[in-house]
Amino acid sequence: MKENIKWIVCLTVIIGLVALPLLMETPAFADKLSDTIQQAVGDGKIDKKAEPGFLGIPGAPGVNYILGFLWAIWVGWIFSTVGAFGGIMAGVGHITIFGLGDYAKDFGKGYPLNKLVTDSIRVSNQWLVGLSGLISSTNYYRMGRLVAPLGICLAIGGVGGSWLIPDLTAGKISLKAYIGYFGIAVLALGIILFRETTAGGQAKRKKAKEAAAAFEKQAKDGGDTKKGVKVLEGSWVMMFVALGVVVASALWANLAGGARWVAYILALAGWGLTFFIGTIRFTFFDVEFKFKAFVPMLGGIFIAALASFLGVGGGFLYVPFLTSVAGLPMFLVAGTSGLVVLVGMIVSIFSYMVGKGVPVQWGFIGAELLGIFVGSMIGPRTSKYIPDIWLKRLFVVLAFYVGIRYITKGFLGFSIVPPF
Amino acid sequence: MGFFAWLMELVDAFLITPYRWPQDPVLGWWLGTFILALWSTILGEITLAIAFRANRFHVTKTTNEMAEYHDRSMNALKAGNKGAYKAINKLANEAFGKTFFLQIAMASASLWPVACALGWMQARFSNIRFPLPFNLPVLGETAGYAFIFIPLYILTRIVFGKFKRMIISKFVDR
């Protein structure tokens, strides 16, 4: 019963945060967009009579739904064969393939229409990622594989980080700089993938497989995947107070309008309270795990800030954080990171759409989801013909190409790899 | 007119028709939006069923691989072999990554109609504000199309799910 109440509180907070941006989307959308268009018309940057394109902006590149659909098939194929790189590829589509990047850049650094299109690209990425987080965390919640205190501590850091960073950077970062930072993230992923394909990486993998084989018998003897998480120690009250305070900071920042210092103080207070939660202990499969509450909180701040800034989910950062730093088994990492990605994305989408009035083109997201679905049907049928190592090598080359291109384009103003 | 434009026009005519059935525009709005939510639910359910059916073998295989590595990593941990635990856990993570993203991609099968419906509503109703019977904090006395559509979709989805389970259980009983 007590556990149910905790979940009801958590879900209420999450649903509240999900529902509000959706409810508020239209007025903010109409006001901000029309104001920005009016300003651009007044400055002679766009022709009012030109054919409306992306977001209905006169003269903007027309949104090619078929191209979006085809690109999303590629994204879906990657999702269903190699995994995480799909989110990056969705971002590449939004920036380059659909021609939105060059269009926004034409307005010059700091121009409102440039900022609006940049933020819209980010939010479009976040919608795709947020939906995936919603689905996975629901599934893992049903399976009883969520470590609620860990998710809450990560979310305490994440909620603050994911509103503070959009707050500090939205409208202040031009698409050019955004592309550069996005490039750094892609290159970092490329380097991680590359390490896995080297002789050293392969040898490590072989060793791990041998170790797995050694424990096979015991798995057959004693494998019981029904044993769930049992929390032994942890201050629930303090955890919920801290979470409530950071959620309040996000709400204040987005809805109050004035006195932003209150939101900053609330976020800092929430983070400060986490230090009083102390150590959390839980068992899973009769094995005890423990962690200091402030460790995931600090990790959450850093990861959500980065993820929100780049418009990606951060799942690719939560998973290594939870396995390497927190040393958790995979089943717990999966569900918990899904929950944190969801909370982080909700707050970030909320911050952009409600706080900043950033619009998205719904139909386009629909075409992309359809494409991802088609791609996910093709992936499993083709992956058996391509060995894993070659798939990884393919994405290493892609990650290096995309990363170098975006970094040089973003920070130098030109690409050192073709097309220049 | 291109094929795409023709298709869009056809879809638009199809979706707007229920909105015009009742004489009263408010009633028409509610009916049309409810039918739109119903279409989104049905279409999503159909494509999701196709995705699961088509990928069943692959999903089972990757899920088993994931569970197997997980069991072994826990055994290693119980045996006090931290090094082996970490190494096997990494393999389990990799297997999980594959399953996770495959399922995410497949889940888009159920949600694409929602985004498309919102896209259609954005084109049709983005400049219209709908009066609310009460004044809500933050929102005020009016709301946008998403305010009506999203809760209606969730409601339709829940009711549809209950009906589906009821029909399936009856069918299985026989």
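The values are calculated or read from the model by the stated rules, or taken from the named source; none is laboratory data. Note that the coordinates shown come from a computational prediction; the quantities given were computed from them, not determined experimentally. Reconstructed Cβ throughout: ideal geometry from the backbone, glycine too, with neighbour counts over all protein chains shown. These area figures cover heavy atoms from the full protein model, side chains too; ligands, DNA and RNA do not enter into them. Shrake-Rupley method; radii C 1.70, N 1.55, O 1.52, S 1.80 Å.
A few remarks follow.
- Region B:25-166, dipole about Cα centre (Lys/Arg Cβ +1, Asp/Glu Cβ -1), debye to the nearest 20: 400 debye
- Atom-type composition of the exposed protein surface of region B:25-166 places 70 percent of the accessible area on carbon and sulfur (1.4 angstrom probe).
- A:Leu70 - accessible surface, heavy atoms, 1.4 Å probe, Å² rounded to 10: 100 Å²
- Averaged over peptide B:57-69, the number of partner chain Cβ atoms lying within 10 Å of each residue's Cβ comes to 3.
- Choice from B:Gly83, B:Gly97, B:Gly144 showing the highest fluctuation, given a GNM over chain B with Cα pairs closer than 10 Å: B:Gly83
- Rolling a 1.4 Å probe over the heavy atoms of the protein chains gives region B:1-123 an accessible area of 48 Å² per residue.
- Residue by residue along A:65-71, Cβ atoms of other protein chains within 10 Å of the local Cβ number 1 on average.
- GNM flexibility winner over chain B from B:Trp21, B:Trp112, B:Trp39 (Cα, springs under 10 Å): B:Trp21
- Pairs from the list A:Lys230/B:Lys90; A:Lys45/A:Lys105; A:Lys206/B:Lys86; B:Lys98/B:Lys164 with a Cα-Cα gap above 18 Å: A:Lys230/B:Lys90; B:Lys98/B:Lys164.
- Heavy-atom accessible surface that A and B bury in contact, both chains counted, 1.4 Å, Å² to 100: 5300 Å²
- In region B:25-166, the C-alpha radius of gyration followed by the widest Cα-Cα span (Dmax) gives 22.4, 70 angstrom.
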